[in-house]
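To start, the structure itself, in structure tokens.
The values are calculated or read from the model by the stated rules, or taken from the named source; none is laboratory data. Because the structure is a prediction, the values reported are computed rather than measured. No Cβ is skipped: glycine too gets one built from the backbone with ideal geometry, and neighbour counts run over all protein chains shown. Only protein heavy atoms, including side chains, enter the accessible area calculation; ligands, DNA and RNA are left aside. Shrake-Rupley method; radii C 1.70, N 1.55, O 1.52, S 1.80 Å.
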Amino acid sequence: MACPVQLGFQDAASPIMEELMYFHDHTLMIVFLISSLVLYIISLMLTTELTHTNTMDAQEVETVWTILPAVILILIALPSLRILYMMDEITTPSLTLKTMGHQWYWSYEYTDYENLCFDSYMTPSSDLKPGELRLLEVDNRVVLPTEMSIRMLISSEDVLHSWTVPSLGVKTDAIPGRLNQATLMTSRPGIYYGQCSEICGANHSFMPIVLELVPLKHFEEWLLTML
């Protein structure tokens, strides 16, 4: 989860989020180099005499400043398209979880099991236990296995919502009358927090998401207690 005064992303817990962080660093370095070059040119223009004004009319210079931006855009577009393809890639899921957004809570249904569904409300501040996080804890956590492909089916019953877990690189809109799909797979166990990222009403900021990712053995034990 995010820490106070944190400037970067949360630690990646899925292959998709790792790729997104690599792409962010790649693009940020390109932006840094362009900004440094522009700042250097501006400083030169302010501190030196323009003795070679005919240089600005040179054909070679015009060719360079036309081709170079195109090359930079290609260097940004290729990894971006690769990540988009990875995010939309649909594999045979090991588990399907249906998520419905409500005003203002989430409901979950494990469609591979009969009668395994529950609502997830934010835990009031007065009911928090020592060590629990205010405005992020819920009464029913979503328990999922690690290192398995999980299909998320996301929709809404009232207004627009957005099911978002930053550490996993998942952000999918919940739209009434439409079923959106996202693929989720984690590389390590842990507890991951998210929130609704759509302005969905007065209690928009009180729709937390808590995922508890555990090894398959512990997930099966949890299923036995729920079924």
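Mind checking the angle between helix 59-88 and the chain's longest principal axis? C-alpha axes, 0 to 90 degrees, to the nearest 10. Taking the Cα atoms of the chain, the angle to 59-88 is about 10 degrees. Compared with the dominant principal axis of the Cα atoms in the chain, helix 216-226 is inclined by about 40°.
Sort 21-27, 127-133, 206-212, 76-82 by packing, meaning the average of other beta carbons within 10 Å per residue, with the highest value first.
Going by the mean number of other Cβ atoms within 10 Å, highest first, we get 206-212, 21-27, 76-82, 127-133.
Per residue, the average separation of C-alpha pairs within less than 8 Å and at least 6 apart gives the chain a relative contact order of 21 percent. Each Lys and Arg contributes +1 and each Asp and Glu -1, all at the Cβ; summed about the Cα centre of the chain, the dipole is approximately 160 debye. When the Cα positions of Ser187, Asn203, Tyr108 are compared along the charge dipole of the range 95-226, Ser187 comes out farthest toward the positive end, with charges on each C-beta of Lys, Arg, Asp and Glu.
Structure remark: mean-square fluctuation, Gaussian network model of the chain, C-alpha springs under 10 Å; the largest value among Leu144, Leu44, Leu136 belongs to Leu44. Placing +1 on each Lys and Arg Cβ and -1 on each Asp and Glu Cβ, with no other charges, gives the range 122-210 a dipole about its Cα centre of roughly 260 debye. Would you please classify the overall shape of the range 118-227 from the alpha carbon gyration tensor, given that a ≥ b ≥ c denote the square roots of the eigenvalues, rounded means a/c under 1.5, and beyond that prolate means a/b larger than b/c while oblate covers the rest? Verdict is oblate for the range 118-227. Within the chain, the proportion of Cα pairs with more than 34 Å between them is 32 percent.
Accessible surface calculations at 1.4 Å, restricted to protein heavy atoms, place the range 95-226 at 48 Å² per residue. Surface composition of the chain: carbon plus sulfur atoms contribute 62% of the solvent-accessible area (1.4 Å probe, protein chains only, all chains present). Every helix of 4 or more DSSP H residues in the chain counts as -39500 (n - 2.57), and over all residues that averages to -11500 deg cm²/dmol at 222 nm. Cα centroid separation, the range 81-136 to the range 179-227: 4 Å.
Helix 15-47: angle to the longest alpha-carbon principal axis of the chain, degrees 0 to 90, nearest 10? Between helix and principal axis, roughly 30 degrees. Result for the chain in a Gaussian network model with C-alpha springs under 10 Å: among Glu137, Glu19, Glu89, the largest mean-square fluctuation is at Glu89. Straight-line reach from Lys171: taking Cα to Cα under 21 Å and skipping same-chain neighbours fewer than 8 places apart, the lysines in range are Lys98. Using heavy atoms of the protein chains and a probe of 1.4 Å, the accessible area assigned to Ile30 is about 20 Å².
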